[in-house]
Amino acid sequence: MLTAELGIAPERETTALYEALKTGEPIATPRPRPLALPTAVTPFIGRQTELAELRQKLLHPDTRLLTLVGEGGIGKTRLAVAVATQVQHDFPDGLWFVDLTNLDDETEATAGVSLPLRLVMAIAQALGLVFSGSQPPHNQLLAMLKNWAGLLVLDNFETVLTAAHVVADLLQAVPHVVVVATSR
């Protein structure tokens, strides 16, 4: 059903569709999920000082981008997920996790698709967004998220450094989004 796919209340469906047709703007918005992070198999032990510091930084109104940098295997992802879990109630539109591990690998399915477009599509997929119409996916993503107040965890960001402008555009266009990136 269209209302369920687009997250629109049934009584607003006709009005929303009319406005979308009139303006050509995308009308879908991310459906809030309380928590869209990987599930930990074991408990998170230790690093209480780092967790407290990161939580304080994430909840500061001036923080829009927080990057956790370190060698592979030291627990950046685990720390990012742990702190995101702690602040989940502070982000009304939810938390989303995007694993960028293999995004830079060009496969047959992505041959000829630019890395920035693959990053846009990975973010959209994590949020459950579907693009339609003639606008470029990058523009549709920014339009769909313009009023979004959520936390986006971008894991293994080192694989998409040449597409970092996508995240810069997102931070510029969406004033209430906060991004946590992990990178080597």
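The values are calculated or read from the model by the stated rules, or taken from the named source; none is laboratory data. Because the structure is predicted, anything quoted here is derived from the model rather than measured. Positions of Cβ are generated from backbone atoms using ideal geometry, with glycine treated the same way; all protein chains shown enter the neighbour counts. For the accessible areas, the whole protein counts, side chains as well, though only heavy atoms, and no ligand, DNA or RNA atoms are used. Shrake-Rupley method; radii C 1.70, N 1.55, O 1.52, S 1.80 Å.
Here ARG184 passes the criteria (1) closer than 26 Å to ARG55 by Cβ; (2) open to solvent by 50 Å² or more (accessible area, probe 1.4 Å); (3) touching a Leu at 6+ places or on another chain (Cβ under 9 Å) except the one numbered (3). Residues considered: ASP90, ASP62, ASP99, ASP104. Of these, the only one that is modelled with pLDDT under 90, surrounded by fewer than 19 Cβ atoms within 10 Å (Cβ to Cβ) and within 25 Å of ALA173 (Cα to Cα) is ASP104.
I'm trying to understand the selection: among the residues of the stretch 109-126, which are open to solvent by 30 Å² or more (accessible area, probe 1.4 Å) and under 13 Å from the mean Cα position of the chain (by Cα)? Can you show your working first?
As a first pass, look at the stretch 109-126 and keep what is open to solvent by 30 Å² or more (accessible area, probe 1.4 Å): 109-114, 116-117, 121, 125.
Scanning the stretch 109-126 gives MET121, GLN125.
Which of the following residues is within 16 Å of VAL87 (Cα to Cα) and among the aliphatic types (A, V, I, L, M): VAL160, VAL153? Please lay out each step first, then the result.
Numbers: VAL160 fails: within 16 Å of VAL87 (Cα to Cα).
On inspection, the qualifying residue turns out to be VAL153.
Can you tell which of GLY46, GLY73 is open to solvent by less than 40 Å² (accessible area, probe 1.4 Å) and without any contact (Cβ under 8 Å) to a residue 40 or more places away in the chain? Even if it seems obvious, please write down each step before you answer.
Numbers: GLY73 fails: open to solvent by less than 40 Å² (accessible area, probe 1.4 Å).
Every option except GLY46 fails the conditions.
For the stretch 142-164, enumerate the residues that are assigned to a helix (DSSP H, G or I) and free of Cβ contacts under 8 Å to residues at least 40 places away in the same chain.
Kept after step one, since they are assigned to a helix (DSSP H, G or I), are these residues of the stretch 142-164: 142-144, 157-164.
Of everything in the stretch 142-164, those that are assigned to a helix (DSSP H, G or I) and free of Cβ contacts under 8 Å to residues at least 40 places away in the same chain turn out to be LEU142, GLU158, LEU161, ALA164.
For the residues ALA126, ALA122, ALA84, ALA52, the requirement of being more than 21 Å from SER183 (Cβ to Cβ), in a helix (DSSP H, G or I) and either touching a strand residue (DSSP E or B) at 6+ places or on another chain (Cβ under 9 Å) or small (Gly, Ala, Ser) (or both) singles out ALA52. Of all the residues in the stretch 127-181, those that are under 13 Å from the mean Cα position of the chain (by Cα), under 21 Å from ARG78 (Cα atoms) and either open to solvent by 60 Å² or more (accessible area, probe 1.4 Å) or of a type outside the set (A, V, I, L, M, F, W, C) (or both) number 2.
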